[in-house]
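Asker: Okay, handing you the structure first.
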Amino acid sequence: MTPDLQPERAYWAAHPGDALVGIDEAGRGCLAGPVVAAAVQIAEADLAPLAAGPLAQANDSKQLSPAQRDRLYETLTHEPRVRWGIGQASVEEIDRLNILRATHLAMRRAIEALPTLPDHALVDGLPVKGLPIPHDALVKGDSRSLLIACASILAKVTRDRLCLTLDAQFPGYGLAQHKGYGTRAHLDALRRLGPSPCHRSSFAPVRALQDDLPFPD
């Protein structure tokens, strides 16, 4: 499915002129590194021209190649008609709060990083607690809403680049390749090296090693 402007147009039909933002996250299911959220705001009058022009290839970040994501990231972050914000929740916050609450915290921080607070948000997935503005939660929103798709690109590229930094700080785990997800290579490295400070101790494969429990397959 390719995102279109239907969710945005449906909202603006009832609330013309409101400042609307799309929100998505990256890294929620990873074993290492922060969870990252992004917020993308485009004015009602600008969205269709951008969708037909420089953002014509925007889609759910999982449907794009790394090169496509990088190109769209540069477009989004340099296009003057696009406002955007990035929020993170650290590994320590993930372990203290749990991953769901930490993800919601990162989303709130992404909204608060915008130049001004929007009127409403479209959020990928299920309802979010603690946002500073009202929102609509859209299941598979990153494949339905262009604003959410753009947010998914910013979140994914930002987190992937953070993983390159973590790979240099904590070599041997392959973070630059798998970006912290629980791949076979990552699990093998965890068995061999043990967890690093960038690993989430509340996640089962990491906790098992710390507590000297049987390692999950």
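The values are calculated or read from the model by the stated rules, or taken from the named source; none is laboratory data. These numbers come from a predicted model, not from an experiment. Neighbour counts run over all protein chains shown; Cβ positions are idealised from the backbone, glycine included. Calculation scope for accessible area: heavy atoms of the full protein, side chains included, ligands and nucleic acids excluded. Shrake-Rupley method; radii C 1.70, N 1.55, O 1.52, S 1.80 Å.
Asker: For segment 205-215, check the following and say yes or no: at least one residue is modelled with pLDDT of 95 or more, of a type in the set (Lys, Arg) and out of contact with any helix residue (DSSP H, G or I) (no Cβ under 6 Å at 6 or more places or on another chain).
Answerer: No: zero hits.
Asker: Another question about this same structure. Collect the residues in segment 10-29 that are in contact (Cβ under 8 Å) with a residue 60 or more places away in the chain and assigned to a loop (DSSP other than H, G, I, E, B), keeping them in residue-number order.
Answerer: Matches in segment 10-29: His15, Asp18, Ala19, Gly27, Arg28, Gly29.
So that you can scan it fast, the table gives a plain yes or no per residue for (1) of a type outside the set (A, V, I, L, M); (2) within 22 Å of Glu93 (Cα to Cα):
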{"position": "Ala149", "(1), (2)": "no, no"}
{"position": "Ala155", "(1), (2)": "no, yes"}
{"position": "Cys163", "(1), (2)": "yes, yes"}
{"position": "Gln169", "(1), (2)": "yes, yes"}
{"position": "Gly174", "(1), (2)": "yes, no"}
{"position": "Arg192", "(1), (2)": "yes, no"}
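Asker: For Asp95, state whether it is among the charged types (D, E, K, R) and closer than 30 Å to Pro195 by Cα.
Answerer: Criteria met by Asp95.
Asker: Please go through segment 80-93 and give me each residue that is among the small types (Gly, Ala, Ser) and in a helix (DSSP H, G or I), ordered by number.
Answerer: Matches in segment 80-93: none.
Asker: Right, another one. Being crowded, with 17+ Cβ neighbours inside 10 Å, in contact (Cβ under 8 Å) with a residue 12 or more places away in the chain and hydrophobic (A, V, I, L, M, F, W, C) is the requirement here; does Ala89 meet it?
Answerer: Yes: the conditions hold for Ala89.
Asker: In addition: Could you grab me the full set of residues in segment 1-19 that are among the charged types (D, E, K, R) and open to solvent by less than 70 Å² (accessible area, probe 1.4 Å)?
Answerer: Glu8, Asp18
Asker: Looking at segment 18-60 only, could you name the residues that are in contact with a strand residue (DSSP E or B) (Cβ under 7 Å, 6 or more places away or on another chain), closer than 30 Å to Asn98 by Cα and of a type in the set (Gly, Ala, Ser)?
Answerer: Going through segment 18-60, the residues in contact with a strand residue (DSSP E or B) (Cβ under 7 Å, 6 or more places away or on another chain) turn out to be 18-28, 31-32, 34-42, 50.
Then keep just the ones that are closer than 30 Å to Asn98 by Cα; that gives 20-28, 31-32, 34-41.
Those that are in contact with a strand residue (DSSP E or B) (Cβ under 7 Å, 6 or more places away or on another chain), closer than 30 Å to Asn98 by Cα and of a type in the set (Gly, Ala, Ser): Gly22, Ala26, Gly27, Ala32, Ala37, Ala38, Ala39.
Asker: Looking at His78, His120, can you tell me which residue is at pLDDT 95 or above and within 21 Å of Leu5 (Cβ to Cβ)?
Answerer: Answer to the selection: His120.
Asker: Mind checking which residues of segment 51-79 are touching a helix residue (DSSP H, G or I) at 6+ places or on another chain (Cβ under 7 Å), open to solvent by less than 50 Å² (accessible area, probe 1.4 Å) and in a helix (DSSP H, G or I)?
Answerer: Within segment 51-79, Ala51, Ser61, Arg69, Leu72, Tyr73, Leu76 meet the criteria.
Asker: Separate question: Could you say which residue among Arg207, Arg200, Arg192 is open to solvent by 60 Å² or more (accessible area, probe 1.4 Å) and within 22 Å of Leu100 (Cβ to Cβ)? Please lay out each step first, then the result.
Answerer: Details: Arg200 fails: open to solvent by 60 Å² or more (accessible area, probe 1.4 Å); Arg192 fails: within 22 Å of Leu100 (Cβ to Cβ).
From the options Arg207, Arg200, Arg192, the qualifying one is Arg207.
Asker: Residues that are in contact (Cβ under 8 Å) with a residue 60 or more places away in the chain, of a type outside the set (Val, Ile, Thr), out of contact with any strand residue (DSSP E or B) (no Cβ under 9 Å at 6 or more places or on another chain) and farther than 21 Å from Met1 by Cβ: does segment 98-106 have at least one?
Answerer: Within segment 98-106, one or more residues are in contact (Cβ under 8 Å) with a residue 60 or more places away in the chain, of a type outside the set (Val, Ile, Thr), out of contact with any strand residue (DSSP E or B) (no Cβ under 9 Å at 6 or more places or on another chain) and farther than 21 Å from Met1 by Cβ.
Asker: Determine which single condition Val36 fails, assuming it passes every other condition in (1) assigned to a helix (DSSP H, G or I); (2) more than 29 Å from Ala14 (Cα to Cα).
Answerer: For Val36, the exception is condition (1).
Asker: Pick from Ser196, Ser201: which is touching a Phe, Trp or Tyr at 6+ places or on another chain (Cβ under 6 Å), of a type in the set (S, T, N, Q) and at pLDDT 95 or above?
Answerer: Ser196
Asker: Right, here's the next one. Any residue at all in segment 111-128 that's open to solvent by 80 Å² or more (accessible area, probe 1.4 Å), in contact with a strand residue (DSSP E or B) (Cβ under 9 Å, 6 or more places away or on another chain), in a loop (DSSP other than H, G, I, E, B) and closer than 17 Å to Glu8 by Cα?
Answerer: Checked segment 111-128: no residue is open to solvent by 80 Å² or more (accessible area, probe 1.4 Å), in contact with a strand residue (DSSP E or B) (Cβ under 9 Å, 6 or more places away or on another chain), in a loop (DSSP other than H, G, I, E, B) and closer than 17 Å to Glu8 by Cα.
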